[in-house]
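Notes to accompany the following structure.
The values are calculated or read from the model by the stated rules, or taken from the named source; none is laboratory data. Just so we're clear, the structure is a prediction, and the values are computed from it rather than from any experiment. We place every Cβ from the backbone using ideal geometry, glycine too, and count neighbours over all the protein chains shown.
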Amino acid sequence: MEKKRLSYIGWLSAILLIHLRVNFNVRTINIREMKILGKLTWVIVFLLLFTVKDAFTQISGKIVDEANSPLEYATVAIYQQKDSLLVTGNVTEPNGSFIIPFVEAGAYYVVASFIGYKSRTIGDIVMAKKGEKKNLGQIMLSMGIELDEVTVQGERATVLNKIDRQVFDSQKFQSAQGGTATDVLRNLPSVQVDGQGEISVRGSKGFVVLLNGKPFQGNAASLIDQLPANAIDRVEVITAPSASYDPEGKAGIINILTKKGAADGSFVQVNLRGGLPSIENYDNANIHQRYGMDAIYNVRKDKWNISMGGSYQRNDLGGRREGDVYTIINDTLTRFPSDGERSFDVEDFSGRFTVDFTPDSTNNFSLGFYGGIKNKDRLADIVYYDNHASVVGEDNNRLYTIQYFNHNLRTRTSDFALGSLDYSHIFGNSSKLSTSFLYEYTLLGGPTVNQNLGYPNANILYQDEYNTNDNPLNGIRFQLDYTWQPFSFGKLQTGYQYRKLLHVGDFVYQRRNDFNSEFQLVPDFSSEVDLERTIHAGYGQLTGKKGRWDYSLGARMEVMDRALDLKDKAGTIDTTYVYNFVKLYPSASVQYGVDNDWALKAAYSKRVDRTTTFKMNPFPEREHSETLEQGDPELLPEFIDLFELGFNKYFQNDQSVYATAYFRNVENLVNRVNTVYNDSILNRIYTNVGTAKVVGLEVGAEFKPHKRWTNFVGGNIYRYAIDGTFDNREVNTTATVYSFNVNSTLQFWKTASVQFTLNYLSDRNTAQGEDSRYYSPNLTLRKTFMDRKLAVTLQWLNMDMGLLDTNEQRISTWRDGEFYTTTNYVYEVDMFVLNLSYTFRNGKNRSKFIKSEFGEREF
């Protein structure tokens with residue numbers, strides 16, 4: 001009776017959470033109520049943690065290799081003895097153990113398997129009664145076919161579809177090797193990378209990146225540019241995440257899984273990358289450099305697993321920009337076309353160190369440190385020629401004409417250090433408690449130099465501006481999760497998360513009009529911006545499997561406090577903007593297996609996309625000669641509803657096809673819009689413009705016309721509609737956007753292959769204009785030597801040969817009767833890069849590293 005009371009308390013607690021959400025007004029809740037609700041959420045989470053029943057049925061065991069070393073991520077599948085119908089399954093923990101609870105009475109057999117090893121079947125397993133436990137003991141797997149043969153005959157599929165995610169094998173994308181995680185992601189059907197390097201998932205830049213399942217807040221493009229592609233094993237795209245994940249990211253989650261092994265021993269991998277001289281320098285001032293090195297060292301012995309890694313990358317990109325802009329103020333039209341260099345110099349160094357300690361089969365400790373230095377220079381040396389003002393409609397009647405040269409160098413730096421401590425414990429009833437603590441310190445900054453000089457006489461100074469900023473950031477995250485199986489129909493996971501972010505920004509803007517003068521402070525553009533954000537969250541998640549059905553149902557309650565304090569350097573402004581809310585984020589997913597190779601699935605997820613500090617700073621920042629950028633201190637987070645409906649089908653010879661239809665509704669849509677600041681400067685503003693609706697279809701297929709020829713083709717098409725207002729004008733735009741990826745690999749020897757990839761992205765609409773199509777074809781030759789220890793890869797990136805418009809993108813915005821701007825960004829093509837990778841192996845790689853949570857979001 002006592003256990004039933006606890007069960008009732010747990011469910012009543014969940015109902016109470018929902019009741020509180022419905023009865024609180026998210027716009028008027030006061031601080032006292034927020035604190036009370038935060039404490040109440042904590043109490044409710046712990047009530048849920050004790051909603052446990054003891055009676056259960058389970059099959060357990062441990063999988064090891066021939067050296068008696070545990071095999072992590074080995075697969076255990078349970079089949080009915082009578083008809084070989086798959087019932088359920090699991091994967092092993094780091095210590096090789098597995099527990100499969102709630103196996104109904106009956107006769108079964110178990111199949112244990114791991115890539116590169118021979119599968120093993122254990123038959124005649126009879127579960128006679130409820131509550132019975134069977135331990136199969138130690139199951140030893142022996143090495144199967146030699147690895148060379150596995151590569152040819154037993155490849156991993158490029159994509160694996162699960163109930164809540166798609167899992168992509170990064171090793172299939174050879175054009176990414178030697179690069180970064182960005183180069184891996186651009187090959188995924190649901191991911192698009194444009195000419196500016198910005199990443200979007202199904203048309204949205206609002207998504208979250210995880211590293212080995214660890215959540216963090218960060219600017220995704222900057223973050224994944226630091227992770228070497230050589231270290232990535234798989235990428236999971238979770239487009240409708242469950243309540244157990246952070247609710248952030250309107251397009252879902254990308255989980256990057258690094259390479260891991262299993263056996264005791266040591267592993268060292270060294271990767272070298274060097275770029276050949278540029279074929280076209282676009283009249284850029286400096287020679288662009290591309291080279292780098294990354295290395296991983298991992299040693300595992302008994303209870304200890306130690307990993308170290310370091311990476312240095314220099315990855316410059318040459319290019320030009322060609323633009324044309326006009327503004328209309330009263331009856332005067334001012335036009336200022338431009339042309340010149342726009343290039344990037346990127347230098348990144350990082351180091352990681354992780355220690356795992358597993359004293360026994362029930363406990364695991366992990367301590368990690370990560371630090372690095374990142375520097376990114378964007379040089380825009382632009383000539384503004386034939387700039388003139390005229391009467392509207394009378395272009396030949398010029399009021400004045402002027403030409404000038406704009407030197408603009410924008411530097412962004414990020415020095416960071418963070419540490420994490422994780423602990424997990426498995427109880428005797430197969431329940432699991434996990435805790436995680438992360439602390440991060442990041443110093444963001446970097447000046448912007450903006451000089452307007454005479455042309456062709458650059459000794460004339462019209463205006464010299466120097467904009468600096470220092471942004472120290474402190475972030476803390478604590479996570480507590482508890483998983484157990486109180487019901488025969490599913491597993492229950494509950495948890496609590498605390499996050500705190502302190503971000504202090506000091507922006508100093510100085511100007512002079514003579515080379516011999518001192519810089520003077522410009523108060524209107526100088527400010528202090530302090531952000532403090534605290535989040536308390538509790539969640540409950542039920543997942544289970546019954547026959548051919550897989551299902552998941554959950555809800556997450558979140559309490560957020562946000563305070564943004566703004567001051568100007570003149571001492572006339574000191575304002576604090578407070579925004580607090582309580583929100584419930586439900587989620588649900590279901591999958592029906594028509595047979596072992598055919599499945600249908602549906603999902604729903606409620607999400608949020610929080611803005612960065614930069615987008616809330618209302619003080620303008622001089623981006624370059626013709627542009628200011630500023631934010632909105634009252635910017636609201638975006639709230640999103642995601643729906644999915646899809647199927648996947650597997651065929652023989654590792655061939656497959658899948659399709660997913662989706663709908664996304666976004667409230668409080670944040671967009672960058674333009675207004676006229678003066679006759680030659682536009683003001684970019686980040687603001688809420690209304691709602692957005694996306695209806696789309698994603699498809700993918702892997703097929704092999706020949707055993708040596710593998711192809712993966714994916715595509716995404718969606719209808720994107722924005723409906724809202726800005727500056728008392730309607731924002732109403734609709735467009736059809738599509739993208740596709742082609743990846744074709746021909747293995748002409750057992751140790752040599754050639755791969756062609758093509759990434760294409762169509763025109764896309766924005767709140768005030770459109771971005772043009774963008775595409776990039778690549779060709780890769782790969783050869784291995786010395787029993788596959790040495791791999792040599794030659795890449796031909798952004799193939800063009802003077803025949804195509806590869807790696808180009810035009811961005812246009814307009815507002816009738818006020819302004820029009822169009823800029824074509826032309827970046828380097830026909831780049832040749834040579835990669836060398838050598839592996840010293842005594843055992844396998846088990847490196848596990850932590851990743852930044854807070855700072856990279858603001859980089």
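Selection of first residues in the range 394-414 that are farther than 15 Å from D324 by Cα and free of Cβ contacts under 8 Å to residues at least 24 places away in the same chain and of second residues that are among the hydroxyl-bearing types (S, T, Y) and crowded, with 19+ Cβ neighbours inside 10 Å, restricted to Cβ pairs under 7 Å at least 6 apart or on distinct chains, gives the following pairs, ordered by first then second residue: N397/S390; R398/S390. Scanning the range 55-84 for residues that are crowded, with 18+ Cβ neighbours inside 10 Å, out of contact with any Pro (no Cβ under 6 Å at 6 or more places or on another chain) and assigned to a loop (DSSP other than H, G, I, E, B), we see that the one that is modelled with the lowest pLDDT is T57.
Here are some residues: S837, S847. Which one is more than 18 Å from G274 (Cα to Cα), among the hydroxyl-bearing types (S, T, Y) and at pLDDT below 90?
Details: S837 fails: more than 18 Å from G274 (Cα to Cα).
So the residue among S837, S847 that is more than 18 Å from G274 (Cα to Cα), among the hydroxyl-bearing types (S, T, Y) and at pLDDT below 90 is S847.
The listed residues are T362, T354, T358, T334, and the only one of them that is in contact with a Phe, Trp or Tyr (Cβ under 8 Å, 6 or more places away or on another chain) and under 30 Å from E394 (Cα atoms) turns out to be T334. Under the condition of being outside any strand (DSSP E or B) and modelled with pLDDT of 85 or more, which residue from the range 419-438 is surrounded by the most Cβ atoms within 10 Å (Cβ to Cβ)? Across the range 419-438, the extreme among qualifying residues is S431.
Quick check: is even one residue across the range 587-604 outside any strand (DSSP E or B) and in contact with a Leu (Cβ under 8 Å, 6 or more places away or on another chain)? I'd like the intermediate steps shown before the answer.
We begin by selecting, within the range 587-604, every residue outside any strand (DSSP E or B); these are 596-597.
The next check asks that each one be in contact with a Leu (Cβ under 8 Å, 6 or more places away or on another chain); those that pass are 596.
Yes, the range 587-604 contains a residue that is outside any strand (DSSP E or B) and in contact with a Leu (Cβ under 8 Å, 6 or more places away or on another chain).
If you filter the range 156-181 down to residues that are modelled with pLDDT under 65 and assigned to a loop (DSSP other than H, G, I, E, B), you find that the one that is nearest to the chain's Cα centre (by Cα) is G179. Within the range 264-288, the set of residues being not aromatic (F, W, Y) and not in a loop (DSSP other than H, G, I, E, B) comprises G265, S266, V268, Q269, V270, N271, L272, R273, G274, G275.
Where in the range 696-785 are the strands (runs of 3 or more DSSP E), entirely inside, with at least 1 residues that are loosely packed, with under 15 Cβ neighbours inside 10 Å? Write out each step before concluding.
Working: elements: 709-726, 729-749, 752-761, 764-766, 769-771, 774-785.
By residue number, 709-726, 729-749, 752-761, 774-785.
Out of V52, V87, V103, one residue alone is closer than 23 Å to I426 by Cβ, modelled with pLDDT under 50 and surrounded by 13 or more Cβ atoms within 10 Å (Cβ to Cβ). It is V52. Within the range 283-306, the set of residues being under 26 Å from L272 (Cα atoms) and hydrophobic (A, V, I, L, M, F, W, C) comprises I287, M293, A295, I296, V299, I306. Contact annotation: residue pairs with Cβ atoms under 8 Å, 6 or more positions apart or on different chains, pairing a residue in the range 505-531 that is of a type in the set (D, E, K, R) with a partner that is assigned to a loop (DSSP other than H, G, I, E, B), are R511/F519; R511/V522; R512/E518; R512/F519; D524/F619; D524/P620; E528/K569. Put simply, of R562, R556 the only residue that is out of contact with any His (no Cβ under 9 Å at 6 or more places or on another chain), among the charged types (D, E, K, R) and free of Cβ contacts under 8 Å to residues at least 60 places away in the same chain is R562.
Of all residue pairs spaced 6 or more apart or on separate chains, those with beta-carbon atoms under 7 Å, a first member in the range 334-359 that is within 30 Å of G96 (Cβ to Cβ) and touching a residue at least 12 places away in the same chain (Cβ under 8 Å) and a second member that is among the polar types (S, T, N, Q) and in a strand (DSSP E or B) are T354/S307; T354/S366; D356/N305; D356/N364; D356/S366; T358/N364.
Taken over the range 364-420, the criterion of being out of contact with any Gly (no Cβ under 8 Å at 6 or more places or on another chain) and among the aromatic types (F, W, Y) is satisfied by F365, Y384, Y385, Y400. Contact annotation: residue pairs with Cβ atoms under 7 Å, 6 or more positions apart or on different chains, pairing a residue in the range 662-684 that is crowded, with 20+ Cβ neighbours inside 10 Å and modelled with pLDDT of 90 or more with a partner that is part of a loop (DSSP other than H, G, I, E, B) and among the acidic types (D, E), are L682/E626. Please go through the range 273-305 and give me each residue that is closer than 30 Å to V355 by Cβ and polar (S, T, N, Q), ordered by number. N298, N305, listed by residue number. Any residue at all in the range 647-659 that's part of a strand (DSSP E or B), under 22 Å from N765 (Cβ atoms) and not acidic (D, E)? Within the range 647-659 (the criterion being part of a strand (DSSP E or B), under 22 Å from N765 (Cβ atoms) and not acidic (D, E)), the answer is no, since none of the residues qualifies. For the range 450-471, filtering for residues that are buried (at least 16 other Cβ atoms within 10 Å of the Cβ) and either hydrophobic (A, V, I, L, M, F, W, C) or within 30 Å of S244 (Cα to Cα) (or both) leaves 2. What about L645, is it of a type in the set (A, V, I, L, M, F, W, C) and either within 22 Å of the chain's Cα centre (by Cα) or within 30 Å of D574 (Cα to Cα) (or both)? Judged against the criteria, L645 is not a match. Reported count of residues in the range 419-447, each being of a type outside the set (D, E, K, R) and under 30 Å from F507 (Cβ atoms), is 10.
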